[in-house]
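Report on the following structure.
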């Protein structure tokens, strides 16, 4: 007999299979799953809203040979404000692509889900600087995936802080101003940016978004976190490229 399951999850991707049906990718506390959602593209259907992209819903599922089938669903949280702001919506979709590529399948993913829901809440609320939300999400994702940057001191001499710093995207460590000069490297961030990175990595999840930097420093922080993600994952994310093209203030452009 086919087993029926009830699970809460966030829709992070969708693939249309017919005019009425689609396959949804859902992030749950137990990993990423794929679900066939029959009739979820029908206007006004019972599965339409709960199976929308970025909907956090409770799903009643039957487990099949290759994927689950959604038999019923109810929306828990709808991040409705995102649909009216293309910039914030595009950033949310980039987060979805990161999660889809990096989060585990059939393994504990509660921290991924918590990070995603908190980030979407801030985007939906619209009160937090997008550069802070993006940088925190990217760097914290790397932490969850095991790409923990070593930010405690210069990797060559051990000094704890320096006015000018070169962050190594491959090794995930940094060099101080003196070691940069002796090694023929170039500085790419400052001590204030490094301290912000340490805050994101070391603070409890309830406080990771609670910091501030001048706009120029936030721009540098965003460049570093994005390049660190792309270097460690060995991948370019097309949703990030699209987000950069529609960002209104130019701070996210390379």
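Please state which one of 44, 39 is over 27 Å from residue 235 (Cβ atoms), in contact (Cβ under 8 Å) with a residue 12 or more places away in the chain and part of a loop (DSSP other than H, G, I, E, B).
Selected residue: 39, the only one of 44, 39 that is over 27 Å from residue 235 (Cβ atoms), in contact (Cβ under 8 Å) with a residue 12 or more places away in the chain and part of a loop (DSSP other than H, G, I, E, B).
Given the residues 131, 142, 148, which is the only one that is modelled with pLDDT under 95 and within 14 Å of residue 200 (Cβ to Cβ)?
148
Among the residues of segment 157-176, how many are without any contact (Cβ under 8 Å) to a residue 24 or more places away in the chain, over 22 Å from residue 146 (Cα atoms) and surrounded by fewer than 17 Cβ atoms within 10 Å (Cβ to Cβ)?
Qualifying residue count for the region: 4.
Given the criteria free of Cβ contacts under 8 Å to residues at least 24 places away in the same chain and in a helix (DSSP H, G or I), does residue 199 qualify?
So residue 199 fits the description; yes.
Just one of the numbered conditions (1) part of a helix (DSSP H, G or I); (2) without any contact (Cβ under 8 Å) to a residue 24 or more places away in the chain; (3) in contact with a strand residue (DSSP E or B) (Cβ under 6 Å, 6 or more places away or on another chain) is not true of residue 100; which one?
Only one criterion in (1) part of a helix (DSSP H, G or I); (2) without any contact (Cβ under 8 Å) to a residue 24 or more places away in the chain; (3) in contact with a strand residue (DSSP E or B) (Cβ under 6 Å, 6 or more places away or on another chain) is unmet by residue 100, namely (2).
Checking residue 146 against (1) in a helix (DSSP H, G or I); (2) free of Cβ contacts under 8 Å to residues at least 12 places away in the same chain; (3) under 30 Å from residue 241 (Cβ atoms), which single condition isn't satisfied?
If we test residue 146 against (1) in a helix (DSSP H, G or I); (2) free of Cβ contacts under 8 Å to residues at least 12 places away in the same chain; (3) under 30 Å from residue 241 (Cβ atoms), just (1) comes out false.
The values are calculated or read from the model by the stated rules, or taken from the named source; none is laboratory data. Worth saying up front: this structure is predicted, and the values here are computed from it rather than measured. When we count neighbours, we look across all protein chains shown, and the Cβ atoms used for this are built from the backbone with ideal geometry, even at glycine.
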